[in-house]
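Novice: One structure follows; several queries about it will come next.
The values are calculated or read from the model by the stated rules, or taken from the named source; none is laboratory data. Small disclaimer: the values here were computed from a predicted structure and weren't measured. Cβ atoms come from the backbone with ideal geometry, glycine included; neighbour counts cover every protein chain shown.
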Amino acid sequence: MTLAATAGHLAAGPTPLAAASHGFLSPTGVEIAFVLVGLVTLGAAVVTVTTRQLVHAALWLVVALGGLAVEYLLLTAEFIAWVQVLIYVGAVVVLLLFGLMLTRAPIGRSPDADSGNRWAALTVAVAAAASLVWVVVDAFRTTWIDLDGPVAGSTAVTGASLFQNWVLPFEALSVLLLAALVGAIVLSRRAKADRATDTGRPTTPNGSDKGGVR
Amino acid sequence: MHLAYPAVLSVLLFCTGLYGVLARRNAILVLMSVELMLNAVNLNLVAFDVWLSKAAEETLHSGQALTLFTIAIAAAEIGIGLAIVLAVHRNRGTSDIDKLRDTAEGPDDDGPDDDGPGTGTPAAGPAAEKAEATA
Amino acid sequence: MTTTTLAVLVPVLPFLGAAAGLLLGRTAPGFVRPLAVLPTLASLVLAVLVAARQGGGRAVDAVTELTPTGSVPVELALHIDGFAALVAVLVGSVATCVQIYSTGYLRDDPRYPSYAALVSLFTSAMFLVVYSGDLMVLLVGWEIMGICSYFLVGHYWETPQARAASLKAFLVTKLGDVPFLIGLLALATEAGSFRITKILGAVASGSLDHPTLIALLLLAGVAGKSAQFPLHTWLPDAMAGPTPVSALIHAATMVAAGVYFVARLLPLFQTSHAAMVVLAVMAAVTMVGSALAALAQDDIKRVLAYSTIGQLGYMTGALAAGDRGAAVFHLLTHGAFKALLFLAAGVIIHAAGTNSLAAMSRMRGLRDRVPDAYWTMTVALLALAAIPPFSGFFSKESVLVAAEHAATGHTGQAPGAAGWTVLLAGLVTALLTAAYATRLWLLAFRGRGAEAPDHGRQPVAMNAVLWVLAIPSLALGGLAFRLLPDWFDGHDLTPTLTTSVLGTGVALVGGIVTYAAWRHTTSLAARPPLGAVAAHPEGDAALVEAEAIASHEPAYGDIAHAPDPSDPGRLLLGPLHRHAAVGFHLDAVYTTLFVRPVQAGARLVRFLDREVVDTYVRGAGALPRVLGTAVRRAQTGNVQTYVSALLAGTVVLAVAAVLVATGA
């Protein structure tokens, strides 16, 4: 956050709610909570991408995603927070765990979890982070979000918005989900020739269970 | 609340996910990192939506709607992605991205030891990978 | 039908026959023989009709221009005078005989259809040359004959001798044809036309600026086509082709085309004394040299080939003496008896299973096996040796008379030096001709040793043709020498006493000396037979001949002669025999002068191309190759590497864009 002090001349346009009175050194309670939860989330995310135990990575991902849900709540986006918990923590992570198991990922430490690319990856990631943080902070260091007043992301508001203004993309999205469903089933089937030769054999778990997982 | 807090958190999460995508060897871990990146974007969307809706500049709640869409797409993506990973695992016996190098130059030109910098393959040369792939 | 229509049909019929033969050769083999023989026969009949109608009177001229062709017009023109009419009859007769003979000679040959079609095509081209009144059209026929000769000499292309011979024949004649073409173009430019009549008109009016140059250029083509020194070397080697082809192309017709061409344009040559002297020297060297070489050959067909060269020398000699009547007279009789000699030789080769005179001289009773060939060949050899009253005597006498007239200055048409040269060389050659004719006869028919193998009777088609040709060989000269001057220029062709006595005398001397030498050496022939015998004597004549030619070199170490101590030619020639056997080393000289420099040049070009030019090309390719190798190393196949590079680039670009936007 120290980069915020650097004087930049980013052409970010006027900042309508520039509140000079809100300094970074006098945080509100919400801000303190946000930062703390953010630190936890970030830490969990870092552990997720660095741990050598694959199953632990999935579990730390749960922590990171949960932390994000809390952040959504702090930002008064209730509906999205619950969707986050339901879909990500509930469904996606379970899927990922199934995937780990079906690909027979080793339980315990695996020494080669990171590829030889990690130093290049670290360089790229740090450089990207530095430049993005610099730009973002430079652009928005004086922008203030007024969290008081009516809740911005309540179910009612989101629902009204979604089914009044966004109903067409919403329906299109349902088609996309259907296509993804069909695609996943097709991908996880064995080829027909395979099946013909395998009729005598008992079906292997990773061969037939995937339809159920989906 | 300062907009900088969620924005910076979003940036850091994104870059963490980026590192994971680039550095992880297991395909499923790569998918997890992708999820992290998507969530970082979601956080960004939500934060800006809240800011803009409070500033009465924009009343469509496009940020939150897009977040929902992103979540739905992420769910679809993880489903397809896992199906692909499982198909690869079934065909090749591995979900190790380092070993899926069918587009590499042939072994007659580049020995297994002088691959590009930072991607050294332990032990298994391309020939072994091919044999494994066709097994 | 008018004479013109008949004359047009003469070349067209064999051409159609050739096309039909090529098309139907595979699908309808039964039609091939009629298609080969009948059009040629019809052409012969038409040629006889044309000759009868023309009758030695005014030349028939017909001309049509298909399309304008620029400065000098090329016209389809006929020019039929007495020469053309009679030469066409000769061509038709020999071609018909050869086609009939070939049906027997190549009766089992799988490539007979293409062979017969090529012979028909050749016949058509020869008719075109004979009748054409336009030099460009004549050149077309001239070159078609060349290519047909190439294909037919290479008929037995399985043997390396035939392949080499066909290439050599083609290249050597082309060597003459290039100056010939240049000469034709120069002539047409100066005369303003390709028409023979107009050119002769221009010659008569003296409007040619460079007659000597043009004549010498044309002589090069004539020397190549008619196998005159120094371009004669292809003809002996061309004997690797089938015997009927040798009879038709390399004895009776194509090689006579050069002589015929000079005869047609003789006034042009006569305007240049230098050209006439060159022609005379060429004829003299050719005559004597080829007769000496003929005396040393072992292959019966090569003897005849050198003999052909010598007789063509007589014809050019007559031209050099300024008497084209004598030249064409000798052309006609020679065409008949030399075709007969070749065809009879084909029968003998088939019967004996060998083409080697040395091997034949060790066979008893060969003449009883082939009585038809024996009698007809005897007649033809007597004609060749110019013994009266055979036809060769009269035509050769007419040549000698013409030379004598030129030498003594009775005619103003030729320089006296040319006359003397031709006369002396002609007498020497008469001696030598009789000698090698006697040698051939003795070795082939008077052999001693084992009984000649019995390969059954010869086909009727082959024997009948021999008798048909024996008639003109026997009687043409005596019957025609009074009539021919009406057809030709009107010069008298009657033999004079001096030359008759001289010519016949030296011929008898040559024959008797050879007989004596043979009696002397024949005791040495008791040794076992030599090799060069065909492996399949029961096959058809063509197969026997191909095998005999192919086995000559392995058996004797050379394609031309054999180490035979009983050969009278060896005794007669003495130390000269060694050189005469290889054609006086002319091939070796050509190898040194032309072949080796060309090969060295080719090697130099190859070196420059491979080592110098290619080095630059390879050098130009090296840098991109190195760069490509470097770029290729980035293709690790690892997706993460690619994405890392992509994102790193994105970051750099984004930072750069931001810095530029902020003006930093």
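Novice: Looking at (1) among the β-branched types (Val, Ile, Thr); (2) part of a helix (DSSP H, G or I); (3) under 29 Å from B:Asp98 (Cβ atoms), find the lone condition where C:Thr636 falls short.
Specialist: For C:Thr636, the failing item is (2).
Novice: May I pose another question? Filter the range B:46-63 for residues that are free of Cβ contacts under 8 Å to residues at least 40 places away in the same chain and buried (at least 22 other Cβ atoms within 10 Å of the Cβ); which is farthest from the other protein chains (Cβ to nearest Cβ)?
Specialist: Of everything passing the filter in the range B:46-63, B:Gly63 is farthest from the other protein chains (Cβ to nearest Cβ).
Novice: So, one more: Where the second residue is basic (Lys, Arg) and in a helix (DSSP H, G or I) and the first is closer than 15 Å to C:Asp299 by Cα and lies in the range C:435-450, which pairs have Cβ atoms under 9 Å and are six or more apart or on separate chains?
Specialist: These pairs meet every condition: C:Ala444/C:Arg367; C:Phe445/C:Arg367.
Novice: Which one is farthest from B:Glu35 (Cα to Cα) among residues in the range B:82-98 that are more than 7 Å from every other protein chain (Cβ to nearest Cβ) and in a loop (DSSP other than H, G, I, E, B)?
Specialist: B:Gly93
Novice: Residues being surrounded by 18 or more Cβ atoms within 10 Å (Cβ to Cβ) and touching a Leu at 6+ places or on another chain (Cβ under 8 Å): count how many of those fall in the range A:130-146.
Specialist: 10
Novice: Here is a check on your reading of the model: is C:Ala352 in contact (Cβ under 8 Å) with a residue 60 or more places away in the chain and under 23 Å from the mean Cα position of the chain (by Cα)?
Specialist: no
Novice: Please state which of the following conditions C:Pro110 fails to meet, knowing it meets all the rest: (1) without any contact (Cβ under 8 Å) to a residue 40 or more places away in the chain; (2) assigned to a helix (DSSP H, G or I); (3) more than 16 Å from the chain's Cα centre (by Cα).
Specialist: (2)
Novice: Within the range C:618-629, does at least one residue satisfy the condition of being basic (Lys, Arg) and either modelled with pLDDT under 80 or not in a helix (DSSP H, G or I) (or both)?
Specialist: Checked the range C:618-629: no residue is basic (Lys, Arg) and either modelled with pLDDT under 80 or not in a helix (DSSP H, G or I) (or both).
The rows are residues; the columns are (1) more than 7 Å from chain B (Cβ to nearest Cβ); (2) at pLDDT below 90; (3) surrounded by fewer than 22 Cβ atoms within 10 Å (Cβ to Cβ); (4) over 15 Å from B:Ala27 (Cα atoms).
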{"site": "A:Leu95", "(1), (2), (3), (4)": "no, yes, yes, no"}
{"site": "A:Gly99", "(1), (2), (3), (4)": "no, yes, no, no"}
{"site": "A:Leu102", "(1), (2), (3), (4)": "no, yes, no, no"}
{"site": "A:Ala128", "(1), (2), (3), (4)": "no, no, yes, yes"}
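Novice: Picking from A:Leu132, A:Leu173, A:Leu147, A:Leu122, which residue would you name as being farther than 30 Å from B:Val88 by Cβ, facing another protein chain (nearest Cβ under 7 Å) and either basic (Lys, Arg) or within 21 Å of the chain's Cα centre (by Cα) (or both)?
Specialist: It is A:Leu132.
Novice: Let me ask something additional. Do you know which residues across the range A:61-93 are within 7 Å of chain B (Cβ to nearest Cβ) and either touching a residue at least 60 places away in the same chain (Cβ under 8 Å) or more than 22 Å from B:Phe14 (Cα to Cα) (or both)?
Specialist: Within the range A:61-93, A:Tyr72, A:Leu75, A:Thr76, A:Ala77, A:Ile80 meet the criteria.
Novice: Continuing with this model, one more query. State whether one or more residues within the range B:3-14 are within 7 Å of chain A (Cβ to nearest Cβ), among the aromatic types (Phe, Trp, Tyr) and surrounded by fewer than 24 Cβ atoms within 10 Å (Cβ to Cβ).
Specialist: Yes: the range B:3-14 contains one or more residues that are within 7 Å of chain A (Cβ to nearest Cβ), among the aromatic types (Phe, Trp, Tyr) and surrounded by fewer than 24 Cβ atoms within 10 Å (Cβ to Cβ).
Novice: Quick test for you: out of C:Leu213, C:Leu268, pick the one residue that is touching a Pro at 6+ places or on another chain (Cβ under 7 Å) and hydrophobic (A, V, I, L, M, F, W, C).
Specialist: Just a single option satisfies the conditions, and that option is C:Leu268.
Novice: Hey, another quick one. Checking the condition surrounded by 23 or more Cβ atoms within 10 Å (Cβ to Cβ) and under 28 Å from C:Ala373 (Cβ atoms), which residue from C:Gly104, C:Gly92 passes?
Specialist: C:Gly92
Novice: Tell me whether the range C:172-182 contains one or more residues that are more than 24 Å from C:Val281 (Cα to Cα) and among the charged types (D, E, K, R).
Specialist: no
Novice: Taking only the range C:32-71 into account, find how many residues are touching a Pro at 6+ places or on another chain (Cβ under 9 Å), farther than 16 Å from C:Leu6 by Cβ and either part of a helix (DSSP H, G or I) or among the basic types (Lys, Arg) (or both).
Specialist: The total comes to 3.
Novice: Need the failing condition index for A:Ala152 against (1) of a type outside the set (Phe, Trp, Tyr); (2) within 7 Å of chain B (Cβ to nearest Cβ); (3) under 30 Å from C:Gly637 (Cα atoms); (4) surrounded by 18 or more Cβ atoms within 10 Å (Cβ to Cβ), just the number.
Specialist: Status for A:Ala152: all satisfied but (3).
Novice: Kindly indicate whether any position in the range C:6-18 is part of a helix (DSSP H, G or I), aromatic (Phe, Trp, Tyr) and over 18 Å from C:Arg195 (Cβ atoms).
Specialist: Yes, the conditions are met somewhere in the range C:6-18.
Novice: Could you list all residues from the range C:414-458 that are more than 23 Å from C:Gly392 (Cα to Cα) and surrounded by fewer than 18 Cβ atoms within 10 Å (Cβ to Cβ)?
Specialist: C:Gly416, C:Ala417, C:Arg446, C:Arg448, C:Gly449, C:Ala450, C:Glu451, C:Pro453, C:Asp454, C:Gly456, C:Arg457 - these are the residues of the range C:414-458 that are more than 23 Å from C:Gly392 (Cα to Cα) and surrounded by fewer than 18 Cβ atoms within 10 Å (Cβ to Cβ).
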